[in-house]
Every structure is written in structure tokens, then in C-alpha cells.
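Report on the structure given below.
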Amino acid sequence: MSKVIIIGAGGVASVAAYKCVENHETFKEICIASRTLGKAQALVDKLSGRGVKLSARQVDADQVDQLLELFKAEKPDLVMNLALPYQDLTIMDACLAYGADYLDTANYEPPETAKFEYKWQWAYRDRFKEAGLTAILGSGFDPGVTQVFSAYALKHHFDSIRTIDILDCNGGDHGYPFATNFNPEINIREVSANGRYWEKGEWIETKPLEIKGTYNFREVGEKDMYLLYHEEEESLIQNIPGLERIRFFMTFGQSYLTHLQCLKNVGMTSIDPIDFEGQQIIPLQFLKAVLPDPASLGPRTVGKTNIGVIFEGLKDGQPKRYYLYNICDHQEAYQETGAQAVSYTTGVPAMIGAAMVLQGHWKKPGVYNLEELDPDPFMAALNQYGLPWHEDFDPVMVP
Ligand code: NDP
């Protein structure tokens, strides 16, 4: 029976808060703290009366002193960063200063450079260890569940894994010509960066969306997908011994890509500040302000997501293939939590990751990526809390 602070009150935070309330044997008290108090309060109002003590607070999570003051007043056991990756380090600093465990869903990137790497957060390993505190990095779906799937495959199905292909398919339709399913700024930074995959000991860089494939995602159908660089690849190459290749593919519809290209061509996706009527503005942040709020897409999004991982390797000397995946329906997610499937598939694993620490399964001092921890209780919780997984022992491989 523990107390958590959830930082942020967007799409992912709203699902995680909903699921923490559902898991009230573990989460006794929840404080939702965000930049805009009204959004945190709206979430508290929506979830109150269900047996968990809830409160809303205002905080600027870029400021360690504000966070520390909040933690001293609220006394959390664990703090979940469900705001943005820019706040990872300030929240980790405040957790160390106060003495709380930490969890996030996306790795740190500096606001002024569109480049994410674990080095900044891995640098906290010794400090968390010495303080006897746990930090869990990237407990969403991808990163997150994809790494739990990898640990599970290695534990139960392979002696060695040779290749990993992570396939992220969103077959949802929100009816807008262009919108992003999670924070537009983070989404566009990720998609417009160079692609990268790892093969035989080195990173191979591609131009943005240069490598294209198609895959039949069963219930979701055949979709075009593109190779991107994704953060879990960096930790999986270190933690899955003998891995020879890892790639990450994400599906995009033609309308999304055409709009993105056009916005890029006219400079709207740039993160370099420009002078506008005597004020410095960042074009991508301005674009975010005019795009639909991802949290508002829930009622209009129909269709399903299919996110999974295809493994290939050896078991008892024999070649083996194995595919683990989840299918999530946007409307079912919305009916249950008020948010579409992209927020749902991130918010549920965020709650489960926090529960793993609070229940003691993953309570060990240090900073961890999810494949470093026992996958079994997490896999059981996915089935229990709305993200059931499926297995295929003869999947079609990606060429
Ligand atoms: P949203 O933009 O919907 O929500 C972000 C929330 O954080 C908003 O409530 C915002 O406040 C708040 N916030 C932003 N800056 C601060 C700050 N300085 N201090 C306090 N609060 C702040 O994003 P999402 O819910 O879509 O995404 C949340 C996180 O989840 C992101 O880091 C994203 O990268 C990650 N993610 C991870 C995925 C995975 O599978 N691992 C998949 C999808 C998302 P305000 O309302 O005032 O703007």
C-alpha cells in the first residue's frame, strides 16, 4: 500500500492514473502534479470516489527545488514521470534528494538537440545504488513492454537470440488530415531524425524513413512500415547476449507522411529558435500549439494497434522463430479510460512498472532498463490489466 506522485496530466498520465486506481491494493494514494493545475484537478475529479485518496498539485518539473518541495509535502514512495523526456533528469535529481523511487516512459533528450541516448540517465546508476533507490527507465510499450518481451523470450524460449525486429503498427484513424497520437513535439522529433539499426557490432545510419517495408499485422491488415531508430535498441544490444541485429519499424499512413514532409519543407518542424514579431519562438513548439491535443483524439479514433517483437535464434541447437505481440482497440481503450490506444498502451505498462517496484518484484537499488528485470510478474500483469499478449511460433519474418 503505497503513495505515488504522477507528474504530467496528458494522455499517458490519465491512463496510468486510471489504472493505478484500478490496482488499489497497491496504490493507496495518488498525487497528480502537472504544469497546468486545472488538468491535474480534472483528472482527480474524474477518478475520485473509487477507494483511492487523490490530490492535484501544480509543479514545474523543470525546477528541482519545486519538485523537492512537492515531494517533502506529499511524501511519495515512487514518482512517475509521465510529463516529457526533458524532465527526466530534474525528477531523478529530486527523487535522489528526497529519497523516492523513480519511473519514466521515455529516455532523456536535451530540449535543444533532437537526440536521445541513455548515457545521461545511466550516469545516475551509482547514485541510485548508494541511496538504496530504484529507477526504472522506459516503462511504456516501446520502450517498455518490447524489452519485457525480449527478457521473456530469452528466459523461456531461446538459448540465444540472434535477431530482434520490433514492429509498431498503429492502424487507428482519428479522421484528421494530420495529428499525432502522443506529444506532437516528441513524436515529430523522433520521426524526422535519421534512422539507425544495429548489425554485427555496428550502427548503420539511414536517412529519415529511407527503409520501407510492408507487413501483414493480422487483425489490423497489411501496412507500410518504416525503419526508425528507437531508444530500446541501445539497451537491448547491451543486455541480450549474442544479439547480431536489431531493427525497429513503425507504420505511417500516407496522409501523415505527406503532411510531415510539407511541414518539414517549410521549416515548421525545426527546433531552432526564430524571431517572430520581436519574440523568440521554436517552430515545432508553435506547430504543437495548433495541432490537436493527443488527449482529445480518444472519442474520434477507431481501429487497432499491434505492437510486438519478432525473435530469431537457437533453442537446443535448433533454429527458432517467435513473435510476441499485443493488439489494442482504440475505441475499447477509450470506453474504458477516456484515452485512445497509444496513450493506453503506454499508461498501462507505466502503472505495472510502478507496481513491480512497490510490490517488491523489481525493488533493487540502481537504474534499470526493463529487460534487466524479471519479466514474469510483469507479463502476468499485462494480461490482468488490459494488454493481453499473443504468441506465434511460426511468424512471417521481415526481410
Ligand atoms: P502530453 O503532451 O499529452 O502530456 C504531457 C503532460 O506533461 C502535460 O500534462 C503537460 O502539461 C505536462 N508537462 C509538460 N512539461 C511539464 C513541466 N515542465 N512540468 C510539469 N508538467 C509538464 O504527452 P503524452 O501523455 O502523450 O506523453 C507523455 C510521455 O509519454 C512523453 O514523455 C512521451 O514521450 C511518452 N510516451 C512513451 C511511449 C512509450 O511507448 N514508451 C509512447 C507514447 C508516449 P500541460 O498540460 O501544461 O502542457
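The values are calculated or read from the model by the stated rules, or taken from the named source; none is laboratory data. If you're wondering where the values come from, they're calculated on a predicted model, not measured in any experiment. So basically every Cβ, Gly included, is an ideal-geometry build from the backbone, and we count neighbours across all protein chains shown. Accessible surface areas use protein heavy atoms only, side chains included; no ligands, DNA or RNA. Shrake-Rupley method; radii C 1.70, N 1.55, O 1.52, S 1.80 Å.
Tabulated values for the structure
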{"quantity": "Calculated [θ] (222 nm, deg cm²/dmol) that DSSP helices of n ≥ 4 give over the chain, each run adding -39,500 (n - 2.57)", "calculated": "-10500 deg cm²/dmol"}
{"quantity": "Relative contact order %, the chain, counting alpha carbon pairs below 8 Å whose residues are six or more apart", "calculated": "21 percent"}
{"quantity": "Relative contact order, percent, segment 1-47 [alpha-carbon distance under 8 Å, six or more residues apart]", "calculated": "47 percent"}
{"quantity": "10 Å Cβ shell holding at most 11 others, DSSP loop, GluC sites (Glu not before Pro): longest site-free stretch of the chain", "calculated": "278-399"}
{"quantity": "Kyte-Doolittle mean at least -1.0, axial Cα span of 20 Å or more - DSSP H helices of the chain", "calculated": "341-358"}
{"quantity": "Debye-sum result for segment 176-292 in log10 I(q)/I(0), which assumes one identical scatterer on each alpha carbon, at q = 0.12, 0.19 Å⁻¹", "calculated": "-0.54, -1.09"}
{"quantity": "Area accessible to solvent at H230, 1.4 Å probe radius, in Å²", "calculated": "10 Å²"}
{"quantity": "Scattering profile of segment 10-160 at q = 0.10, 0.11, 0.13 Å⁻¹ [log10 I(q)/I(0), Debye over alpha-carbon scatterers]", "calculated": "-0.38, -0.46, -0.64"}
{"quantity": "Listed residues A350, A193, A16, most fluctuating in the chain (Gaussian network, C-alpha, under 10 Å)", "calculated": "A193"}
{"quantity": "Cleavage-rule hits, trypsin sites (Lys or Arg not before Pro), segment 113-202, DSSP coil, Cβ neighbours within 10 Å at most 12", "calculated": "K115, K200"}
{"quantity": "Candidates N239, N369, N265: whichever shows maximal mean-square fluctuation once the chain is modelled as a Gaussian network with Cα springs under 10 Å", "calculated": "N265"}
{"quantity": "Debye intensity ratio I(q)/I(0), log10, segment 215-259, q values 0.17, 0.26 Å⁻¹ (C-alpha model)", "calculated": "-0.65, -0.93"}
{"quantity": "In segment 310-399, the trypsin sites (Lys or Arg not before Pro) that fall in loop regions by DSSP, at most 13 other Cβ within 10 Å", "calculated": "none"}
{"quantity": "Extension gain (nm, one decimal) between N216 and R321, 0.36 nm per residue minus Cα-Cα", "calculated": "36.1 nm"}
{"quantity": "Pairs beyond 24 Å (Cα-Cα), from K72/K129; K19/K212; K119/K320; K115/K363; K39/K288", "calculated": "K19/K212; K119/K320; K115/K363"}
{"quantity": "Segment 324-368 - convex hull of alpha carbons, volume per residue in Å³", "calculated": "97 Å³"}
{"quantity": "Where Rh is the Kirkwood radius over Cα pairs, Rg/Rh for segment 153-231", "calculated": "1.01"}
{"quantity": "P(r) weight above 26 Å for the chain, C-alpha pairs, percent", "calculated": "51 percent"}
{"quantity": "Gain on full stretching of the segment that runs from L37 to H259 - 0.36 nm per residue minus C-alpha separation", "calculated": "76.6 nm"}
{"quantity": "Estimated inter-spin distance, E199 and S55, nm [label 7 Å along Cα→Cβ]", "calculated": "5.5 nm"}
{"quantity": "Dipole magnitude of segment 25-151 about its Cα centre (Cβ charges: Lys, Arg +1; Asp, Glu -1), debye to nearest 20", "calculated": "360 debye"}
{"quantity": "Carbon/sulfur fraction of accessible area - the chain, other protein chains in place, 1.4 Å, %", "calculated": "49 percent"}
{"quantity": "Largest to smallest principal axis extent of the C-alpha atoms in segment 278-386, angstrom", "calculated": "65, 37, 29"}
